[in-house]
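To start, the structure itself, in structure tokens.
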Amino acid sequence: KAGVTQTPRYLIKTRGQQVTLSCSPISGHRSVSWYQQTPGQGLQFLFEYFSETQRNKGNFPGRFSGRQFSNSRSEMNVSTLELGDSALYLCASSSGTVPADTQYFGPGTRLTVL
Amino acid sequence: AQSVTQLDSQVPVFEEAPVELRCNYSSSVSVYLFWYVQYPNQGLQLLLKYLSGSTLVESINGFEAEFNKSQTSFHLRKPSVHISDTAEYFCAVSANSGYSTLTFGKGTMLLVSP
């Protein structure tokens with residue numbers, strides 16, 4: 001089985017712009033979760049989508065949004081970028097039907113905001 | 001809500017020496033516990049997890065962790081490390097109800113030298 005893929009792998013944006021990141025889960029997985037990883041804050045949960053519905057949400061401002069398509073692929077969008085949004089954004093997929101099911105992580109998208 | 005404390009940000013050891021990476025958690029409800037590993041420029045991979053039953057869990061590559069409910073700890077150990085074990089290790093918890101999200105510690109960098 002192919003693993004979780006994320007595109008693009010690297011992005012450079014300037015303050016005020018918006019960005020869209022994409023995540024393709026493992027085939028058959030219906031849950032996609034997004035995390036932000038920074039040196040200062042570590043790994044922080046953004047949101048989880050299951051069958052096109054947001055099932056869980058972390059404590060991030062409304063500039064961070066996401067969606068999931070019928071094929072389980074997910075996108076996250078960050079509007080009005082700030083310098084502090086520079087981070088590695090990881091997505092993880094799982095079946096979503098079994099509590100504590102293993103989450104499989106993608107390699108991440110490295111976002112740099114200048 | 002849950003929180004995770006990884007007491008050491010870096011642990012340097014020599015090859016073939018034993019190692020323990022410490023993890024303590026706080027939660028008002030029962031939890032599942034996880035250890036993930038992140039190699040440079042890669043996403044996270046599940047190392048092992050505790051759901052219920054035996055408090056000692058093992059991974060296929062020689063790591064083990066023991067759940068201690070009274071001390072709210074889930075320390076990771078390996079009796080003899082290899083150079084290839086050099087990576088960042090993250091402890092995580094999730095509430096054991098429904099489809100709860102992962103809360104991660106800030107990570108411990110294991111540096112194995114010859």
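We did not get these values from a lab; they are worked out from the coordinates using the rules stated. Computed from a predicted model, the values in this text were never measured in an experiment. Positions of Cβ are generated from backbone atoms using ideal geometry, with glycine treated the same way; all protein chains shown enter the neighbour counts.
Summary table below
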quantity	calculated
Charge tally in the Cβ shell below 15 Å around B:Gly98, where Lys, Arg are +1 and Asp, Glu are -1, B:Gly98 excluded	0
Lysines whose Cα lies under 24 Å from that of B:Lys106, excluding same-chain neighbours fewer than 8 positions away	A:Lys57, B:Lys49, B:Lys69, B:Lys78
Highest-MSF residue in chain A out of A:Gln68, A:Gln41, A:Gln54 [GNM, Cα springs under 10 Å]	A:Gln41
P(r) histogram, all alpha-carbon pairs of the stretch A:45-99 included - 5 Å bins from 0, percent	4, 16, 30, 25, 14, 7, 3, 0
Cleavage-rule hits, GluC sites (Glu not before Pro), the stretch B:26-66, DSSP coil, Cβ neighbours within 10 Å at most 10	none
Integer Hz, Karplus 6.51/-1.76/1.60 couplings in order for the stretch B:36-46, x for Gly and Pro	10, 10, 10, 7, x, 6, 10, x, 8, 10, 5
Net charge contributed by nearby residues that have their C-beta within less than 14 Å of B:Ile83 (K/R +1, D/E -1)	-2
Net charge, A:Ser70 excluded, C-beta distance under 12 Å - Lys, Arg +1, Asp, Glu -1	+2
Estimated FRET transfer efficiency when R0 is 35 angstrom, pair B:Leu7-B:Ser54 (beta carbons, to 0.05)	0.90
Kirkwood Rh (inverse of mean 1/r, distinct Cα pairs), the stretch B:1-47, angstrom	13.1
A:His29 long-range amide H proximity, modeled H, under 5 Å	none
Rotationally averaged projected area of the stretch B:1-81 (alpha carbon convex hull; nm²)	6.1
Relative contact order for chain B, counting Cα pairs under 8 Å that sit 6 or more residues apart, in percent	38
Loop-located trypsin sites (Lys or Arg not before Pro) in the stretch B:1-76 whose Cβ has at most 15 other Cβ within 10 Å (DSSP)	B:Lys69
Under 12 Å from A:Lys13, Cα to Cα: aspartates and glutamates that are on another chain or at least 8 residues apart	A:Glu82, A:Asp85
Amide H within-cut-off set for B:Leu48, under 5 Å, with H built and near neighbours excluded	B:Trp35
Per-residue ³J(HN,Hα) for the stretch A:28-45, Karplus 6.51 cos²θ - 1.76 cosθ + 1.60, θ = phi - 60°, Hz, x for Gly and Pro	x, 7, 10, 10, 10, 10, 10, 9, 10, 10, 10, x, x, 9, x, 8, 10, 6
Choice from B:Tyr99, B:Tyr89, B:Tyr36 with maximal GNM fluctuation in chain B (Cα, 10 Å cutoff)	B:Tyr99
Residues whose placed amide H lies under 5 Å from that of B:Val31, excluding near-sequence neighbours	B:Asn96
Vicinal HN-Hα couplings computed from phi for the stretch A:84-100 (Karplus, 6.51 cos²θ - 1.76 cosθ + 1.60; Hz; Gly/Pro x)	x, 7, 4, 5, 9, 9, 10, 10, 9, 10, 8, 5, x, 10, 10, x, 6
Stokes-Einstein translational diffusion, the stretch B:32-75 - Kirkwood Rh over all Cα pairs, 1.306 mPa s, 10 °C, in µm²/s	142
